[in-house]
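**Student:** Have a look at the structure that comes next, please.
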Amino acid sequence: MPNESPETIVVTGATRGIGRGVARALAAQGHRIVLTGRDPSAGAEALAEVRAAGSPDPALVLFDMSSLRSVREGAQKLVEVCPRIDVFVHNAGLWPTRREIGDDGLERAFVVNHLAPFLLNHLLEPQLVKSRTRVVQVSAGLYIKGVVDLERTPKGEDFHAIRTYCTTKLLGLMTMPRFAAKWAASGVCVDAVHPGVIRTNLGDRTGALGVLLRLVKRLWRTVDQGAEPVVRLVNERPEPAKAGRYFHELVEQPLAPVATNAEVASRVWDQAVALAGLESTQRPASA
Ligand SMILES: NC(=O)c1ccc[n+]([C@@H]2O[C@H](COP(=O)([O-])OP(=O)(O)OC[C@H]3O[C@@H](n4cnc5c(N)ncnc54)[C@H](OP(=O)(O)O)[C@@H]3O)[C@@H](O)[C@H]2O)c1
C-alpha cells in the first residue's frame with residue numbers, strides 16, 4: 001500500500017554499500033528517494049532498485065564529492081529536482097588506501113568525508129530550513145582514532161592508510177554539533193550514527209592484504225544490518241534542541257573528548273569555511 005505521506009529523502013553515496021541499503025529500505029516505506037553518486041551505470045541500477053522497491057518518482061543526481069566545483073553543481077541539481085527535502089542522509093564516504101590529491105589541491109578523503117558534506121550543508125541551507133529537514137550523518141566509530149592536524153591533513157601531508165580515514169570522519173563529527181546549534185531555531189535536526197562494522201567495499205585493498213581483508217569481511221554484518229541504525233534515525237524526529245547527538249548503532253553515546261574540544265572545533269569550522277570558499281559570516285552563533 002502506498003505511503004500516505006511520502007517524504008523526499010536524499011541519500012548520498014547510494015550507488016552501493018550502506019547507502020544503497022538505506023535507499024532500498026526507505027523506498028520500501030514508500031518514500032521518494034533521491035540518490036546521489038558519481039557512477040552513471042551503478043546509479044541507474046540503484047535507481048531501478050528503489051523504483052522496484054516502491055519509491056514514487058525516484059531521481060538520480062550525479063556529482064563527484066571529491067571536487068568542490070562538482071559538489072556545487074550537484075547542490076544546484078538537487079535544488080532543481082527536490083521542491084522540498086524532508087530528510088538528507090550524508091552517507092558517501094571514502095577510505096583511501098593512498099594519498100591522492102583532487103581538483104582543489106586537497107587530499108581526496110578530506111574532501112569526500114568532511115569538506116563536501118560541510119559545503120552541501122551550507123549550499124542547501126535555505127532548502128533545509130524551508131523543509132525543517134531531518135539530517136542524518138553516517139559517521140564511523142573509528143573517529144576516536146583520528147588526529148587533527150589542521151596544517152597537514154587537508155593536503156594529506158600526514159597521510160596514513162588507516163588514520164586518514166579516522167581523522168576525516170572525526171572532522172565531520174566535530175562540525176556536526178555546531179550545525180545542530182546553528183539550525184536549532186529553524187527546526188532542522190542533525191544527528192550522527194556509526195552503522196556498525198559492515199561488509200561493503202569500503203577500504204578494499206589489492207594484493208595479499210586485499211585477499212585477507214575480503215576473508216575477514218565475510219564475518220562482518222550485512223548491508224541491510226548496517227542500514228538499520230541509519231533508517232531508525234531517519235524515522236525518529238527529535239526536538240531540534242536535542243539534536244547534535246551521536247549514536248553507536250542504536251545506542252546514543254557522548255562524543256569522545258577528541259571530538260569535543262571547542263577551540264579545535266572552532267578552528268576546524270573556520271578552516272572548512274575558508275577551504276570551501278564560503279563567506280566567513282557563515283559561522284554558527286556558538287562558534
Ligand atoms: N562499512 C563499514 O563497516 C562502515 C563502518 C563505519 C562507517 N561507515 C560509513 O558508512 C558510509 C558508507 O560506507 P560503505 O561501507 O557503504 O562504503 P562503500 O560501499 O565504499 O560506499 C561508499 C559510497 O560513497 C560513494 N562515494 C565515494 N566517493 C565518492 C565521490 N568522490 N563522489 C561521490 N560518491 C562517492 C561511493 O560511490 P562510488 O561507487 O562511485 O565510489 C559509494 O556509493 C561511509 O560514510 C562510511 O564512512 C562504514
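The values are calculated or read from the model by the stated rules, or taken from the named source; none is laboratory data. Quantities reported herein were computed from a predicted structural model and do not represent experimental measurements. Heads up, the Cβs are rebuilt from the backbone with ideal geometry, glycines too, and the neighbour counts pull from every protein chain shown.
**Student:** Only one of these conditions is not met by T153: (1) surrounded by fewer than 23 Cβ atoms within 10 Å (Cβ to Cβ); (2) farther than 25 Å from V230 by Cβ; (3) free of Cβ contacts under 8 Å to residues at least 60 places away in the same chain; (4) away from the ligand (no atom under 13 Å from the Cβ). Which number is it?
**Tutor:** Just one mismatch for T153, condition (1).
**Student:** Taking the residues in the range 4-20 that are over 19 Å from L202 (Cα atoms) and touching a residue at least 40 places away in the same chain (Cβ under 8 Å) as candidates, determine which candidate is nearest to the ligand (Cβ to nearest atom). Steps first, please.
**Tutor:** The first filter runs over the range 4-20 and keeps only residues over 19 Å from L202 (Cα atoms), leaving 4-10.
If we keep only those that are touching a residue at least 40 places away in the same chain (Cβ under 8 Å) too, we end up with 6-10.
Numbers: P6: 23, E7: 21, T8: 19, I9: 16, V10: 13 Å.
Ranking the qualifying residues of the range 4-20, first place goes to V10.
**Student:** If V193 satisfies all but one of (1) under 14 Å from the mean Cα position of the chain (by Cα); (2) in a helix (DSSP H, G or I), what's the number of the condition it fails?
**Tutor:** (2)
**Student:** Could you run through the range 24-50 and say how many residues are of a type in the set (G, A, S), in contact with a strand residue (DSSP E or B) (Cβ under 8 Å, 6 or more places away or on another chain) and within 24 Å of V112 (Cα to Cα)? If you could, list the steps in order and put the result at the bottom.
**Tutor:** Narrowing the range 24-50 to residues of a type in the set (G, A, S): 25, 27-28, 30, 37, 41-44, 46, 48.
Within this subset, residues satisfying the condition of being in contact with a strand residue (DSSP E or B) (Cβ under 8 Å, 6 or more places away or on another chain) are 27, 37, 43-44, 46.
If we keep only those that are within 24 Å of V112 (Cα to Cα) as well, we get 37, 43-44, 46.
Matching residues across the range 24-50 total 4.
**Student:** I need a count of the residues in the range 214-245 that are crowded, with 19+ Cβ neighbours inside 10 Å and in a strand (DSSP E or B).
**Tutor:** The number of residues fulfilling the criteria is 0.
**Student:** Could you grab me the full set of residues in the range 46-60 that are crowded, with 17+ Cβ neighbours inside 10 Å and either in contact (Cβ under 8 Å) with a residue 60 or more places away in the chain or outside any helix (DSSP H, G or I) (or both)? Walk me through it before giving the result.
**Tutor:** So in the range 46-60, the residues crowded, with 17+ Cβ neighbours inside 10 Å come out as 46-47, 49-50, 53-55, 58-60.
Selection gives G54, S55, P58, A59, L60.
Okay, residues lined up against (1) surrounded by fewer than 22 Cβ atoms within 10 Å (Cβ to Cβ); (2) under 21 Å from G17 (Cβ atoms); (3) at pLDDT 95 or above:
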residue: E80; (1), (2), (3): yes, no, yes
residue: A109; (1), (2), (3): no, yes, yes
residue: V112; (1), (2), (3): no, yes, yes
residue: P117; (1), (2), (3): no, yes, yes
residue: E125; (1), (2), (3): yes, no, yes
residue: L128; (1), (2), (3): no, no, yes
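**Student:** For P6, state whether it is more than 17 Å from the chain's Cα centre (by Cα), part of a loop (DSSP other than H, G, I, E, B) and not β-branched (V, I, T).
**Tutor:** Working: more than 17 Å from the chain's Cα centre (by Cα): yes; part of a loop (DSSP other than H, G, I, E, B): yes; not β-branched (V, I, T): yes.
It is true that P6 is more than 17 Å from the chain's Cα centre (by Cα), part of a loop (DSSP other than H, G, I, E, B) and not β-branched (V, I, T).
**Student:** Could you tell me whether S70 is among the hydroxyl-bearing types (S, T, Y) and part of a helix (DSSP H, G or I)? Don't jump to the end; show me each part of the working.
**Tutor:** On the way: among the hydroxyl-bearing types (S, T, Y): yes; part of a helix (DSSP H, G or I): yes.
Yes, satisfied.
**Student:** Restricting to the range 161-196, count the residues that are surrounded by fewer than 19 Cβ atoms within 10 Å (Cβ to Cβ) and either away from the ligand (no atom under 16 Å from the Cβ) or polar (S, T, N, Q) (or both).
**Tutor:** 4
**Student:** Scan the range 21-45 for residues that are of a type outside the set (S, T, Y), within 10 Å of the ligand (Cβ to nearest atom) and not in a helix (DSSP H, G or I) and report the count.
**Tutor:** 4
**Student:** L78 fails exactly one of the following numbered conditions: (1) among the hydrophobic types (A, V, I, L, M, F, W, C); (2) under 15 Å from the mean Cα position of the chain (by Cα); (3) in a helix (DSSP H, G or I). What is the number of that condition?
**Tutor:** (2)
**Student:** Somewhere in the range 264-272, is a residue within 13 Å of the ligand (Cβ to nearest atom) and under 30 Å from A75 (Cβ atoms)?
**Tutor:** At the first step, the residues of the range 264-272 found to be within 13 Å of the ligand (Cβ to nearest atom) are none.
There is no residue in the range 264-272 that is within 13 Å of the ligand (Cβ to nearest atom) and under 30 Å from A75 (Cβ atoms).
**Student:** Would a scan of the range 251-271 turn up a residue that is part of a strand (DSSP E or B), at pLDDT 95 or above and surrounded by 15 or more Cβ atoms within 10 Å (Cβ to Cβ)?
**Tutor:** Residues of the range 251-271 part of a strand (DSSP E or B): 251-253.
With the extra rule that they be at pLDDT 95 or above, the set shrinks to 251-253.
Next cut, surrounded by 15 or more Cβ atoms within 10 Å (Cβ to Cβ) only: none.
Within the range 251-271, not a single residue is part of a strand (DSSP E or B), at pLDDT 95 or above and surrounded by 15 or more Cβ atoms within 10 Å (Cβ to Cβ).
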